[in-house]
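Notes to accompany the following structure.
The values are calculated or read from the model by the stated rules, or taken from the named source; none is laboratory data. Remember, it's a predicted structure, so these values are computed and weren't measured experimentally. Here the Cβ positions follow ideal geometry from the backbone for every residue, glycine too, while neighbour counts run over all protein chains shown.
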Amino acid sequence: MANLSKKSLNQPEETQTPEKAKVESVTIDGFKIQRITAEPGWQWSKHLKPVVGGESCQKHHLIYVLSGKLYAKMNDGKEEEFGPGEVGVIPPGHDGWNAGKEPVVWFEIPH
């Protein structure tokens with residue numbers, strides 16, 4: 001049974017700082033929650049592909065965009081832009097990037 005509890009992303013348990021991005025995480029009742037901030041110019045294929053390898057991102061993302069614009073393009077060519085207040089699913093096999101001139105910030109629950 002779940003317990004009533006809370007944590008704050010303002011005091012993350014884990015912080016990663018890949019180039020042009022910041023990933024802050026907490027785990028609560030078995031769920032990992034991330035706040036990701038990507039600077040203008042950030043792109044998965046330019047900044048993370050050299051680190052993780054592969055031709056495209058193979059993670060499955062469930063996102064909620066807080067600010068800015070996040071763009072995703074699937075390997076099959078389908079494209080989508082996500083903005084503030086929008087929820088999205090981005091399946092494995094994609095590239096993603098900051099589509100604006102300000103940082104894009106989103107919450108993510110990794111699968």
Worksheet item: Quick check: anything in region 11-22 touching a residue at least 60 places away in the same chain (Cβ under 8 Å) and closer than 19 Å to PRO110 by Cα?
Response: no
Worksheet item: With TYR64, TYR71 as the choices, which residue is closer than 17 Å to GLU108 by Cα, in contact with a Phe, Trp or Tyr (Cβ under 6 Å, 6 or more places away or on another chain), in contact (Cβ under 8 Å) with a residue 40 or more places away in the chain and hydroxyl-bearing (Ser, Thr, Tyr)?
Response: TYR64
Worksheet item: Restricting the search to region 1-14, which residues are surrounded by 12 or more Cβ atoms within 10 Å (Cβ to Cβ), under 16 Å from the mean Cα position of the chain (by Cα) and over 25 Å from ALA99 (Cα atoms)?
Response: PRO12
Worksheet item: Which members of region 76-111 meet the condition of being modelled with pLDDT of 95 or more, small (Gly, Ala, Ser) and under 17 Å from SER45 (Cα atoms)?
Response: GLY77, GLY93, GLY96
Worksheet entry | Among the candidates THR17, THR27, residue that is touching a strand residue (DSSP E or B) at 6+ places or on another chain (Cβ under 8 Å), surrounded by 11 or more Cβ atoms within 10 Å (Cβ to Cβ), at pLDDT 95 or above and not basic (Lys, Arg) | THR27
Worksheet item: Quick one: in region 58-74, which of the residues that are of a type in the set (Gly, Ala, Ser) and buried (at least 16 other Cβ atoms within 10 Å of the Cβ) is nearest to PRO103 (Cα to Cα)?
Response: GLY68
Worksheet item: In region 26-57, what residues are under 11 Å from the mean Cα position of the chain (by Cα) and either aromatic (Phe, Trp, Tyr) or more than 23 Å from ALA99 (Cβ to Cβ) (or both)?
Response: ILE33, TRP44
Worksheet entry | strands (runs of 3 or more DSSP E) lying entirely in region 20-111 (those with 2 or more residues that are among the hydroxyl-bearing types (Ser, Thr, Tyr)) | 21-28, 61-67
Worksheet item: Among GLY54, GLY77, GLY41, which is touching a strand residue (DSSP E or B) at 6+ places or on another chain (Cβ under 8 Å), at positive phi and exposed (fewer than 13 other Cβ atoms within 10 Å of the Cβ)?
Response: GLY41
Worksheet item: Of the residues in region 22-57, how many are hydrophobic (A, V, I, L, M, F, W, C) and touching an Asp or Glu at 6+ places or on another chain (Cβ under 7 Å)?
Response: 4
Worksheet item: ARG35 versus (1) of a type in the set (Lys, Arg); (2) in contact (Cβ under 8 Å) with a residue 12 or more places away in the chain; (3) surrounded by 15 or more Cβ atoms within 10 Å (Cβ to Cβ); (4) farther than 26 Å from ALA2 by Cα: which is the lone unmet condition?
Response: (4)
